[in-house]
Amino acid sequence: MHNTELNTLSNKISLFQQGNIPADLRTLQSFQSLLEEHFREVRSPAFFSERIGVSLLRLNKIAQCHLGMTVYEVMQNRLHLEALKLLRFTCLSVKEITYELGMDRPSYFCRHFRRLMGMSPLEYREWSRGQIPASVLGDFRY
């Protein structure tokens with residue numbers, strides 16, 4: 001790295017240490033904070049852009065730039081992460097998890113989950129808890 005690049009990097013680091021966070025990152029922090037608060041009930045990316053006070057186009061550009069995905073994709077990932085946590089660490093049924101996540105059709109949740117994970121929610125639960133589902137073993141016997 002050249003001396004000029006090091007000085008520029010050093011200046012940027014000191015700005016962050018002083019609490020001078022760039023506007024895009026403040027916007028992203030606001031989005032992530034709102035998402036944590038509302039991910040179960042809100043399905044519209046426009047809700048977040050309106051609450052933050054930026055256009056949806058701008059919020060999508062910021063998310064794409066810093067996270068590599070759109071606002072909608074971030075929302076879906078947050079729901080998926082919560083589903084994984086609920087399956088692994090609770091005894092809630094798939095139907096209860098579906099409703100807990102603000103969805104109204106367990107069949108849709110199961111299809112969507114299988115498409116993302118390559119296994120059903122119950123197979124994931126068994127796998128994540130260290131149990132091997134029978135469907136993975138198939139006809140294999142020891």
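The values are calculated or read from the model by the stated rules, or taken from the named source; none is laboratory data. Quantities reported herein were computed from a predicted structural model and do not represent experimental measurements. Reconstructed Cβ throughout: ideal geometry from the backbone, glycine too, with neighbour counts over all protein chains shown.
Out of Thr4, Thr70, Thr27, I need the residue that is at pLDDT below 90 and not charged (D, E, K, R). Which one? The unique qualifying residue is Thr4. If the condition is being in a helix (DSSP H, G or I) and more than 23 Å from Met103 (Cβ to Cβ), then segment 51-66 contributes Ile52, Leu57, Arg58, Leu59, Asn60, Lys61, Ile62, Gln64, Cys65, His66. Within segment 67-78, the set of residues being hydrophobic (A, V, I, L, M, F, W, C) and not in a loop (DSSP other than H, G, I, E, B) comprises Leu67, Val71, Val74, Met75. Give me the residue from segment 18-38 that is among the aliphatic types (A, V, I, L, M), free of Cβ contacts under 8 Å to residues at least 40 places away in the same chain and part of a helix (DSSP H, G or I) and, out of that set, nearest to Arg78 (Cα to Cα). The extreme case among them is Leu34. Of the helices (runs of 4 or more DSSP H) lying entirely inside segment 79-142, those containing at least 1 residues that are surrounded by 12 or more Cβ atoms within 10 Å (Cβ to Cβ) and modelled with pLDDT of 90 or more are 94-100, 106-117, 121-128.
For segment 91-116, the set of residues classified as out of contact with any helix residue (DSSP H, G or I) (no Cβ under 8 Å at 6 or more places or on another chain) and closer than 20 Å to Gly130 by Cβ consists of Cys91 only. Consider Ile52 carefully, then state whether it is closer than 26 Å to Asp24 by Cα and of a type in the set (A, V, I, L, M). Yes. Against the criterion of being surrounded by 11 or more Cβ atoms within 10 Å (Cβ to Cβ), out of contact with any strand residue (DSSP E or B) (no Cβ under 6 Å at 6 or more places or on another chain) and within 21 Å of Lys85 (Cβ to Cβ), Phe47 does not qualify.
The listed residues are Glu126, Glu100, Glu50, Glu96, and the only one of them that is among the charged types (D, E, K, R) and under 19 Å from the mean Cα position of the chain (by Cα) turns out to be Glu100.
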